[in-house]
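Scroll down for the structure; my scribbles are underneath it.
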Amino acid sequence: MAMAVSSCFPLAARCSLLLTAALVLAMSHGVHGHAGAGAGLSSSFYDDSCPSARDIVRRVIQNARVADARIPASLIRLHFHDCFVQGCDGSLLLDNDLPAIMTEKEVPANDRSARGFDVVDNIKHALENACPGIVSCADILALASEISVELAGGPSWSVPLGRRDGTTTNIESANNLPSPFDSLETLQEKFRNLGLDDTDLVALQGAHTFGRAQCQFTQQNCSAGQDEETLVNLDTVTPNIFDNKYYGNLLRGRAPLPSDQVMLSDPVAAATTAPIIHRFSGSQKDFFKNFAASMVKMGNISPLTGRAGEIRNNCRRVNNKPY
């Protein structure tokens, strides 16, 4: 059953989070690497052209949560898997249109596990009714991620907006998405290649504090007789709430995903990721602040702005295609 949980942050802390996110956005414009490519994005981008955009996205997600408590975690995963391929351009949302478009939905990291596309469709439909041709699918994923975290009890932050939608996919990069079985060194390299550091890695992996995973991807694998797609809670303590319990699970060796536990158990972890895990376990405020900042940083990975790309009419299709 969906749990209606408000953020546990007081107003002052919320203001601090917004300032932190804004500062990260401003600073990221001056650094090298993909995560610093957010020039042209602004949290006020739709203030005049579609002022109700965030409220519309929030309403659709709230309705979806009633029937499916997993939706918030599923939506944030779509944003992750979109940004990590060729930047935050909505390429993950495209369906097959062979030979021009080969969908990223069927690569191993997404096949039969990436979900929530119908909710994105519903959000897009509602936005098109209110503000035709204005809000991109890439921005829908960014907004949906922030709203999903906040609705589940986590932090809120000011989302930089103004991304446009890509017209291509990138199967080679999609096949190199972070895996539940990656070593710590491999994870660090994949994040570093996008301009994300160890703090970003530990903070963003903290999104595993809610949602489910198929048992075939867990450390224990599946119990005898279980189907490999049987779902297990990523956080056995508070599976539907966005909090810092995930890091306590790591410290007790109870993280279901091998790629989570390596951040503490790998030989190089002691000098890199383990101290950050201890910090976040001891302070939910510290985790929330860094998670918000890292989400802004990730959302700045190679966005299309200006006249690049397009604003898709349908998130599953590029415009002007005969379907």
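The values are calculated or read from the model by the stated rules, or taken from the named source; none is laboratory data. Values in this document were obtained by computation on a predicted structure and should not be read as measured data. Glycine also receives a Cβ, built like all others from the backbone with ideal geometry; neighbour counts cover every protein chain displayed. What goes into the accessible areas is simple: the full protein's heavy atoms, side chains included, and nothing from ligands, DNA or RNA. Shrake-Rupley method; radii C 1.70, N 1.55, O 1.52, S 1.80 Å.
Report, by residue number, each residue of segment 115-127 that is open to solvent by 40 Å² or more (accessible area, probe 1.4 Å) and assigned to a helix (DSSP H, G or I).
D118, D121, N122, H125
Under 19 Å from the mean Cα position of the chain (by Cα), among the acidic types (D, E) and under 16 Å from L201 (Cβ atoms): is that true of D266 in this structure?
Spelling it out, it is not the case that D266 is under 19 Å from the mean Cα position of the chain (by Cα), among the acidic types (D, E) and under 16 Å from L201 (Cβ atoms).
Tell me the residue from V85, V66, V159, V135 that is open to solvent by less than 20 Å² (accessible area, probe 1.4 Å), of a type in the set (V, I, T) and part of a helix (DSSP H, G or I), please.
Checking each option against the conditions leaves just V85.
Kindly list the number of the only condition in (1) under 19 Å from N122 (Cα atoms); (2) in contact (Cβ under 8 Å) with a residue 12 or more places away in the chain that fails for C88.
All conditions pass for C88, except number (1).
Check P180 against each of (1) farther than 22 Å from D47 by Cα; (2) touching a Lys or Arg at 6+ places or on another chain (Cβ under 8 Å) and name the one condition it does not meet.
(2)
Please specify each residue of segment 88-114 satisfying the condition of being of a type in the set (D, E), in a loop (DSSP other than H, G, I, E, B) and open to solvent by less than 20 Å² (accessible area, probe 1.4 Å).
Listed by number, the list holds a single entry, D89.
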